[in-house]
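Encoded as structure tokens, the structure appears first; notes follow it.
Each reported figure results from applying straightforward, stated rules to the coordinates on display, with no laboratory input. A quick note: this is a predicted structure, and the numbers were derived from the prediction, not measured. We place every Cβ from the backbone using ideal geometry, glycine too, and count neighbours over all the protein chains shown.
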Amino acid sequence: MSDNEDEVTRGATAVLIVPEWHSQRLSRDLDARAEEAKGLALAIGLEVVAVYPLRLRQTRAATLIGVGQIDAIKAEVGEGAAQLVIVDAALTAIQQRNLETAFGTKVIDRTGLILEIFGERAATAEGRLQVELAHLDYQAGRLVRSWTHLERQRGGFGFLGGPGETQIEADRRMIRNRMARIRKQLEEARRTRQLQRSKRQRAPWPVVALVGYTNAGKSTFFNRLTGSDVMAEDMLFATLDPTMREIRLPGIDKAILSDTVGFVSDLPTELVAAFRATLEEVTTADLIVHVRDIVHPDSEAQYADVVAILNSLGVNGPQDGREGAEEAGSTVIPQVEIWNKIDTADPDTRAVIEEMAARRSDVAIISAVSGEGVEAARELMAAQLTAQHELQRIFLGYEQGEAAAWLHARGEVLGDEPQDDGHVLTVRLDPADMARFERLFPGKG
């Protein structure tokens, strides 16, 4: 994009419309939804000059919102006061076009806004391909007018600048061809990732995947556990590309911690499909750690959004004190919850949260910023990973130092009894590790 087009994107003034239907009123706080939508706009440098929460009785097929609401917003904004209108809902191509005609300015919906953020944030080659595929999938069924040429890229196509081409069918044919090439490249990346994953699975180290709603504090918690400096800002979708680091947990010499992209309500299906290869890291983990902003007014609704996306990936697991458990055909992976940002709670709210957590065996309360509760979270994660471990008594000769070192590295050695010609180790060990030990050191089990 040219510098002029970038200026239109970053720093552009925007009006935000947040529609709410009756079915949403019980599950989500309208002010919290408006704040989240504003955060999405701010995440790509837009200046929100006005926010209009609208309670709707029905959906208008042509414009989503009513004519009177359109006129009221247009009158308040005035001519030229905003360069962009953002609607925090999914718009059809016809609704988007009609709203643009009514407001006399460019209009994008929630899906377009999230895709724009992902296009700006994707850092790796695979991430950029995934975002571009999602953009193209989104545009394929719409009138293509917001970009000038297929080869003109900015980490995934933008919606906010450029007059675009008028040869719609030619554009659509180019999109289909480009999508086919990207899918082929992503398939190659997926095979590479599977090879890397299979190597990790042959290694004896458990994999822990962090999941959570965007801005719940996953990356801050990740940095606390690993001593890393992964980007962790008070910003929606601060990190997109998955990161893996080695960590130690109580009784576990080594584990692999994976930080994944944050989830969000109404995450575009195009993005879920495009990022499926990346999200597969979650489906093969030994433990899923769900990081929650427990103080957020929509914390329960955010929890439900994350669980819904995990279910769509075929991941499910028993939750302590929660119903709904497992679905046929899903992968059952143990899960724990980390209730973050307790440092921002007032004393009364904190007392309620602590009482709720006391009734659960799969919850740790923390502040990833201050470090409060992080050690308890580490112990909870370790306890869940070792829950299936079994006590083994293994005799080793004194000359078998390699086998002893292997057991110390991969299990929890609880006792070491000397014998005349060796010693007996009492070890708490995962059954899979015990099978590996017997293969590596036959006759020593």
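Tabulate in residue order the Karplus-calculated ³J(HN,Hα) for segment 71-77, using 6.51 cos²θ - 1.76 cosθ + 1.60 with θ = phi - 60°, rounded to whole Hz; enter x for Gly and Pro.
Result, rounded to whole Hz: 5, 5, 5, 4, 5, 6, 6.
As a test of the definition: which semi-axes, in Å, follow for segment 393-444 when you take the square root of five times each eigenvalue of its alpha carbon gyration tensor? Largest first, please.
Largest first, segment 393-444 gives 17, 12, 9 Å.
So what J values fall out for segment 282-289 if you push phi through Karplus, 6.51 cos²θ - 1.76 cosθ + 1.60 with θ = phi - 60°, rounded to Hz, Gly and Pro as x?
Karplus-based 3J(HN,Hα) across segment 282-289 equals 5, 5, 10, 6, 7, 8, 10, 10 Hz.
Packing-wise, with mean Cβ within 10 Å as the measure, how do 30-39, 415-424 rank, highest first?
In descending order of packing, they fall as 30-39, 415-424.
Using θ = phi - 60° and the Karplus relation 6.51 cos²θ - 1.76 cosθ + 1.60, list the HN-Hα couplings for segment 251-261 in order, rounded to whole Hz, with x at every Gly or Pro.
Along segment 251-261, the couplings run x, 10, 5, 8, 9, 9, 9, 10, 9, 10, 4 Hz.
Treat each spin label as a single point 7 Å out from the Cα along the C-beta direction, and report the THR92 to GLN196 distance in nm.
Simple spin-label model gives 4.2 nm for this pair.
Order 376-388, 48-60 from most to least packed using the mean count of other Cβ atoms within 10 Å.
Taking the mean over residues of other Cβ atoms within 10 Å, the ranking is 376-388, 48-60.
Assuming 0.36 nm per residue, please report the length gained on full extension of the stretch ARG428 to ALA62 beyond their Cα-Cα distance.
Separation in residues times 0.36 nm, less the Cα-Cα distance, equals 125.3 nm.
As an exercise, use a Förster radius of 60 Å and the Cβ-Cβ distance of THR344 and ARG173 to find the FRET efficiency, rounded to the nearest 0.05.
Using R0 = 60 Å, I get an efficiency of 0.70.
Using modelled amide H (1.01 Å from N, peptide plane; none on Pro or chain starts), what sits under 5 Å from the amide H of LEU287, excluding residues fewer than 5 places away?
Here the answer is VAL207, ALA209, since their amide H atoms fall under 5 Å of that of LEU287.
Holding the Cα-Cα limit at 24 Å, pick out from LYS254/LYS341; LYS38/LYS218; LYS184/LYS218; LYS38/LYS106 the pairs that are longer than that.
LYS254/LYS341; LYS184/LYS218
Could you tell me the center-to-center distance, by alpha carbons, between segment 392-432 and segment 36-84 in angstrom?
Value for the Cα centre distance between the two parts: 67 Å.
Which shape class applies to segment 25-92: rounded if a/c is under 1.5, otherwise prolate when a/b exceeds b/c and oblate if not, where a ≥ b ≥ c are the square roots of the Cα gyration tensor eigenvalues?
Since a/c reaches 1.5 but b/c is at least a/b, the shape of segment 25-92 is classed as oblate.
Kindly rank 122-133, 184-195 from highest to lowest mean number of other beta carbons found within 10 Å of each residue.
Highest to lowest by the protection proxy: 122-133, 184-195.
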